[in-house]
Amino acid sequence: MRTSSNPVFRRLPRQEGVGGYANFGSGVAGAGQFGQQQQQPYGQYPPQQYGEVPQYQAPPATRSMTIDDVVTKTGITLAVLAVSAVLSYALTNANTALAPAFVIGGGLVGLVLVLVATFGNKMDNPAIVLAYAVAEGLFLGALSFMFTNIEFGGAGGSALIGQAVLGTFGVFAGMLVVYKTGAIRVTPRFTRMIVGALIGVVVLALGNLVASFFIDGGLGLRDGGPIAIIFSLVCIAIAAFSFLLDFDAADQLIRAQAPEKAAWGVAFGLTITLVWLYVEILRLLSYFQND
C-alpha cells in the first residue's frame, strides 16, 4: 500500500499475509475445539434434544470494509462537524468574545486528537474521530466568523463562507473524478513529491509564525500580499492532490479486505484534508475581499 500524505492513513493497519488483513482473515483461535462433545452436567440434556440452538457456535467473522462504509462514516463525521460549526458561528455571533477561545481551544484540541490517534494507533476509534469533528467544528465556525467580521479585521459578509464551502467540495468532487478516471495516476514518485511539498509548506508556515513574533507580518506568507496569495494557492493545490493519495489509500484498504472499523480512519483522514482545504480557500478569498 502506498504511503499517503495524511499521517492518519499511514498509521492504519497493514496487511499481514495472503488472504487476510491484519490477521482478520485467519482462523479463530481454538476453532478446532468446536464440534467436540463436551460432558453435560448431571441431570441436563443437550439443547439439541429440545430443538434449541446448539450451545457452541463459532463467532462471526469480521466484515470487510466497503466503499459504502467509507461514505457512511465520512458523512457522519462531516455532519457532526457541520452541526458543531454552525453552533460555534451562532454563539460567536451572539458573543464575539467567544471567537478567540473557540479558535484556539478547538484548534488545540483537534491537534491533540490527531496526535493521539496517529501515534496511539487509534485513528479508527469512532469516539476520537467524532470528538475531532466537534473540536474542528468549533474551530471552523469561530474562524469563519472572524474572517467575515469587521471587528476582527474580516472582510464583512457571510457570503464568503458559502463560497469557501462550495469551493472546498468542488475541489473534493473534482479530484474524486480525476482519481476515478485515472487522469492522474498515484505512483510512488507522485506520492514522494506530494509528501515533500506538504512538509515544505508546513515548515514555511511554522517559520512564518515564528518570524511574526519578531517581524511585523512575518515572512509575508499570511499578510494578504502577492506572496501570501501565491502561498495560499500552493497550499490549495497540495491539499487537492493529497486527496488523490487519500483515495488511493482507501482503495488499497478495501482491496486488502481491511476490517469495517478501518472506515473510521479513512473518514478521519479525509476530514483532516477537507478542514485544511477549507481554511486555505477561506483565507485566499478574504485576501481578494479585503482588496
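The values are calculated or read from the model by the stated rules, or taken from the named source; none is laboratory data. Computed from a predicted structure; not experimentally measured. Every residue, glycine as well, gets a Cβ built from its backbone with ideal geometry; the counts of neighbours run over all protein chains shown. Heads up: the accessible areas ignore ligands, DNA and RNA and are worked out on the full protein's heavy atoms, side chains in. Shrake-Rupley method; radii C 1.70, N 1.55, O 1.52, S 1.80 Å.
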Exercise. Across region 70-94, what is the total count of residues that are closer than 17 Å to residue 166 by Cα and in contact with a Phe, Trp or Tyr (Cβ under 8 Å, 6 or more places away or on another chain)?
Worked result: 0
For this session: State the number of residues belonging to region 119-148 that are outside any helix (DSSP H, G or I) and either in contact with a helix residue (DSSP H, G or I) (Cβ under 8 Å, 6 or more places away or on another chain) or β-branched (Val, Ile, Thr) (or both).
Result: 5
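Every residue, every condition in (1) within 30 Å of residue 254 (Cβ to Cβ); (2) open to solvent by less than 20 Å² (accessible area, probe 1.4 Å); (3) hydrophobic (A, V, I, L, M, F, W, C), yes or no:
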site: 106; (1), (2), (3): no, yes, no
site: 117; (1), (2), (3): yes, yes, yes
site: 121; (1), (2), (3): yes, no, no
site: 139; (1), (2), (3): no, no, yes
site: 160; (1), (2), (3): no, yes, yes
Exercise. Out of all the residues in region 191-231, which are assigned to a loop (DSSP other than H, G, I, E, B) and closer than 26 Å to residue 246 by Cβ?
Worked result: 221, 222
For this session: Would you point out which residue out of 242, 212, 286, 232 is more than 24 Å from residue 169 (Cβ to Cβ) and among the polar types (S, T, N, Q)?
Result: 212
Seminar exercise, completed: Of the residues in region 246-290, those that are farther than 24 Å from residue 103 by Cβ and either surrounded by fewer than 24 Cβ atoms within 10 Å (Cβ to Cβ) or not β-branched (Val, Ile, Thr) (or both) number 20
